[in-house]
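Okay, so here's the structure we're looking at.
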Amino acid sequence: MKTATNSAIDRLKARAAEEGLLDVAYTTADSPFGPLLLAQTKRGLVRVGLPNQDQDGLLVDLADRVSPRVLEAPAQLDEVRRELDLYFEGKLDRFDLPLDWQLSGGFRQRVLRAINRIPYGQTRSYTEMARRAGNERAVRAAGTACGSNPIPLVVPCHRVLRTGGALGGYGGGLPMKQGLLELEGVLDGRSKT
């Protein structure tokens, strides 16, 4: 019975997508740090929810800020999951995914776009990100942009450190930030809080 029900649900999801009734597709994906929520629009990846974030709350936020037509559609995010798996296996050093930047704007979006250009295995300071976004004195605002990054991991805010190399903060928690930097070969396993 469950298979027939799942098949019917899959058909309804496919029909909703075909008829343009789906504005935001989402799914979950495993990571070494816990489950991730992935969401995309027709433009591209719009949200990556980290393991310590409330997935239901993130979906409500997407419904409020993007469209109420949010539907679980795992197949539409296969490429995102594939690239994340390769990244976590250490086999991908640059994501090649279309991104939908609509959940950030103004200075925050400029900071995030600058962060998106930080190469794998390298770090930058919050001060440098503020400068690259057009206002080198807006260091706190650059930190806020990192903290509100709707597409972490793919837009690698974990590569932004305090001046002097201290980790600073991270939406997924400092152990996750440290783990990501260790994966990329930036840290050697010693805590740098």
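Here are a few things to note about the model shown:
- Which listed residue, of ALA166, ALA145, is closer than 19 Å to ARG47 by Cα, in contact with a Ser or Thr (Cβ under 8 Å, 6 or more places away or on another chain) and either modelled with pLDDT under 95 or among the polar types (S, T, N, Q) (or both): ALA145
- Out of LEU112, LEU84, LEU99, LEU153, sole residue that is in the same structural domain as ASP30 (by TED's automatic domain parsing), modelled with pLDDT of 95 or more and not small (Gly, Ala, Ser): LEU84
- Filter result (surrounded by fewer than 22 Cβ atoms within 10 Å (Cβ to Cβ) and within 27 Å of LEU58 (Cβ to Cβ)) within region 135-151: ALA138, ARG140, ALA141, GLY143, THR144, GLY147, SER148
- Only one of the numbered conditions (1) hydrophobic (A, V, I, L, M, F, W, C); (2) under 21 Å from ARG65 (Cβ atoms); (3) part of a loop (DSSP other than H, G, I, E, B) is not met by ALA145, and that is (3).
- Condition met for LEU167 (more than 18 Å from the chain's Cα centre (by Cα), in the same structural domain as VAL48 (by TED's automatic domain parsing) and aliphatic (A, V, I, L, M)): no
- Against the conditions (1) within 22 Å of LEU45 (Cβ to Cβ); (2) not assigned by TED's automatic domain parsing to the domain that holds VAL46, GLN76 satisfies every one except (2).
- Residue list for region 148-164, restricted to those being assigned to a loop (DSSP other than H, G, I, E, B) and within 20 Å of the chain's Cα centre (by Cα): SER148, ASN149, PRO150, ILE151, PRO152, LEU153, VAL154, VAL155, PRO156
- Residue list for region 86-117, filter: among the charged types (D, E, K, R) and touching a strand residue (DSSP E or B) at 6+ places or on another chain (Cβ under 8 Å): ASP100
The values are calculated or read from the model by the stated rules, or taken from the named source; none is laboratory data. Please read all numbers here as calculations on a predicted model, not as lab measurements. Cβ sites come from the backbone with ideal geometry, for glycine too, and all protein chains shown count toward neighbours.
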